[in-house]
1. Go through the residues of region 217-229 one by one and say whether even a single one is buried (at least 19 other Cβ atoms within 10 Å of the Cβ), in a helix (DSSP H, G or I) and not aromatic (Phe, Trp, Tyr).
2. Which is farther than 29 Å from Asn83 by Cα, of a type in the set (Lys, Arg) and without any contact (Cβ under 8 Å) to a residue 40 or more places away in the chain, of Lys204, Lys215, Lys187?
3. If you check Leu154 against the conditions, is it in the same structural domain as Trp69 (by TED's automatic domain parsing) and of a type in the set (A, V, I, L, M, F, W, C)?
4. Which is over 26 Å from Gln220 (Cβ atoms), in contact with a strand residue (DSSP E or B) (Cβ under 8 Å, 6 or more places away or on another chain) and in contact (Cβ under 8 Å) with a residue 60 or more places away in the chain, of Ala147, Ala158?
5. Determine if region 60-74 includes at least one residue that is farther than 21 Å from Leu132 by Cβ, touching a residue at least 12 places away in the same chain (Cβ under 8 Å) and in contact with a Phe, Trp or Tyr (Cβ under 8 Å, 6 or more places away or on another chain).
6. Is region 113-124 home to any residue that is without any contact (Cβ under 8 Å) to a residue 12 or more places away in the chain and under 23 Å from Tyr232 (Cβ atoms)?
7. Checking Ser36 against (1) of a type in the set (S, T, N, Q); (2) more than 25 Å from Ile140 (Cβ to Cβ); (3) modelled with pLDDT of 95 or more, which test does it fail?
8. Which residues, taken from region 125-144, are touching a residue at least 24 places away in the same chain (Cβ under 8 Å) and of a type in the set (Asp, Glu)?
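The values are calculated or read from the model by the stated rules, or taken from the named source; none is laboratory data. Everything numeric in this text was worked out from a predicted model, so none of it was measured. Ideal geometry is used to build each Cβ from the backbone, glycine not excepted, and the neighbour counts take in all protein chains shown.
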Amino acid sequence: MKSLMLFAALFIAGISWSSDRPDHSIFDRLLNEYVSSTGKVDYGGMKRKVDTLDKYLVQLLNIAPASDWTKNECKAYYINAYNAYTLKFVLVKYPVKSVKDISFSGKDIWNTRLVKLGGKAYTLQQVENDLLRRMGDARIHFAINCASYSCPRLWNHAYTTDNVSSRMTKLTKEYINNEKHNIITAKKVKVSKLFEWYAEDFVKTGQTLIDFLNKYSDVQINANAKIEYLPYNWSLNE
């Protein structure tokens, strides 16, 4: 209950935001200060600036994508929202060793209905599956961050309409070619569980997982290469 009260402060009556667009620069400055270029998060330092994160979350509470928003503007909004709320959930419980150790009223961080966007309540699962994945862009999996070692790194900047597409491409390529997460040879690949969990996003009509990987891999993979999936490390990304 005490943990949930920390969220209540975000949503007290009288808080409002006059613009029809959130100011992502608030989140950008926080990420740049407390997230390294390799995606490691200084949660202890960020916890001391949680009020800054809360100011950004208040904007997300008051603003949601509208019909006049572009697809890239929507992607940037929902990716930032997913990452910002993941950070908030960790900070409320920090110090912890893994996001798997975090729960609110018996629910893990992906299934707690505390994500407030445009006056509506969501879970992180809903933001990912019902809002982001439905946009049909598999690159989103390399932009959202689950605060874990095996997850694609948390970029130390906020996403915007102008940078979201190019940055998703860069992070997708970076993750696929990172031997800490994937081991790729022409005849055999050992890849993150992420590619198994969200297989339908990477395998479309006429496209196999190998086809998707070859778009970004530095090593050209044979069409009949053997595929294995590596264990996922849920240790906190700090």
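1. Taking every residue of region 217-229 in turn, none turns out to be buried (at least 19 other Cβ atoms within 10 Å of the Cβ), in a helix (DSSP H, G or I) and not aromatic (Phe, Trp, Tyr).
2. Of Lys204, Lys215, Lys187, the one residue that is farther than 29 Å from Asn83 by Cα, of a type in the set (Lys, Arg) and without any contact (Cβ under 8 Å) to a residue 40 or more places away in the chain is Lys187.
3. Here the answer is yes, as Leu154 does meet what is asked.
4. None of the others qualify; the one that does is Ala147.
5. No, there is no match, as no residue in region 60-74 is farther than 21 Å from Leu132 by Cβ, touching a residue at least 12 places away in the same chain (Cβ under 8 Å) and in contact with a Phe, Trp or Tyr (Cβ under 8 Å, 6 or more places away or on another chain).
6. Going residue by residue through region 113-124, those that are without any contact (Cβ under 8 Å) to a residue 12 or more places away in the chain are 113, 121-122.
Cutting the leftovers down to under 23 Å from Tyr232 (Cβ atoms) gives us none.
Taking every residue of region 113-124 in turn, none turns out to be without any contact (Cβ under 8 Å) to a residue 12 or more places away in the chain and under 23 Å from Tyr232 (Cβ atoms).
7. All conditions are met except number (2).
8. Residues satisfying the conditions are Glu128, Asp137.
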